[in-house]
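Beneath this line is the structure, given in structure tokens, with notes to follow.
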């Protein structure tokens, strides 16, 4: 099921339970977008177009890449939905019920970047893990998010600490390390130390503007 088919179904069934959200293709999201994107992503199975996965997620929007990531989120339903493409309304009505039951409370928690930073340690400690099933506070991707958030919030010392830890963690991964992430982290650490937190935040703001434009939010 392509995004152009999903969008009208999402408008009809999902948007009524998410006041203030918008739909574009397979993405349902809350505008206006500041540093945090709150959204649903409808993804089609590579095996059959009638099977879709629905993920409720939140994502910081201040990275150099322009991709959606799902570091913080949850899959709705029993992992996937098999949709009758000739009559998809019943499935999307059921999806809307799951959105109201699980996604709405999740989105209501994450009102801004400050709340996201406060919630990440709680999600990491949750048992069973639900929002951060594949990540932890020790993951470089999480430390990078928190470091960039510290820059936005003007906390230079905390940002330097987290950037250094993230770089060390990636380097310890050896052949499994992400060289592009190490380079970006090093660039940001150097900018922060040489030019100060205002210059580092200005770079994040440029990346944020580029992400918003690229994702057409």
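Read-outs throughout are calculated quantities, based only on the coordinates presented, and are distinct from any laboratory measurement. Just so it is clear, the structure is predicted and the values come from calculations on it, not from any experiment. With ideal geometry, Cβ positions are generated from the backbone for all residues, glycine too; neighbour counts draw on all protein chains shown.
Summary table below
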item	result
Degrees between helix 89-98 axis and first principal axis of the chain (Cα, 0 to 90, nearest 10)	40
Whether the stretch 88-131 is rounded, prolate or oblate, judged on the alpha carbon gyration tensor where a/c under 1.5 counts as rounded	oblate
Calculated FRET value between residue 180 and residue 138, using beta carbons and R₀ = 22 Å, to 0.05	0.65
Equivalent ellipsoid, the chain (semi-axes from 5 times Cα gyration tensor eigenvalues, Å)	34, 18, 16
Euclidean distance of C-alpha centroids, the stretch 96-159 and the stretch 1-68, integer Å	19
Tensor-based shape of the stretch 140-214 (alpha-carbon gyration tensor, a/c under 1.5 rounded, otherwise prolate or oblate)	oblate
Full-stretch length increase - residue 122, residue 108 - with 0.36 nm per residue and alpha-carbon distance subtracted	3.5 nm
Per-peptide average of other Cβ atoms within 10 Å, ordering 56-63, 181-188, 123-130 highest first	56-63, 181-188, 123-130
CD proxy at 222 nm, helix term only [per DSSP H run n ≥ 4: -39500 (n - 2.57); per residue of the chain; nearest 500]	-15500 deg cm²/dmol
Potential lengthening between residue 82 and residue 4 on full extension [0.36 nm per residue; Cα-Cα distance subtracted]	26.3 nm
Förster-model FRET efficiency, 35 Å R0, residue 195 and residue 216, C-beta, rounded to 0.05	0.65
Cα gyration tensor, the stretch 55-176 - rounded (a/c under 1.5), prolate or oblate	prolate
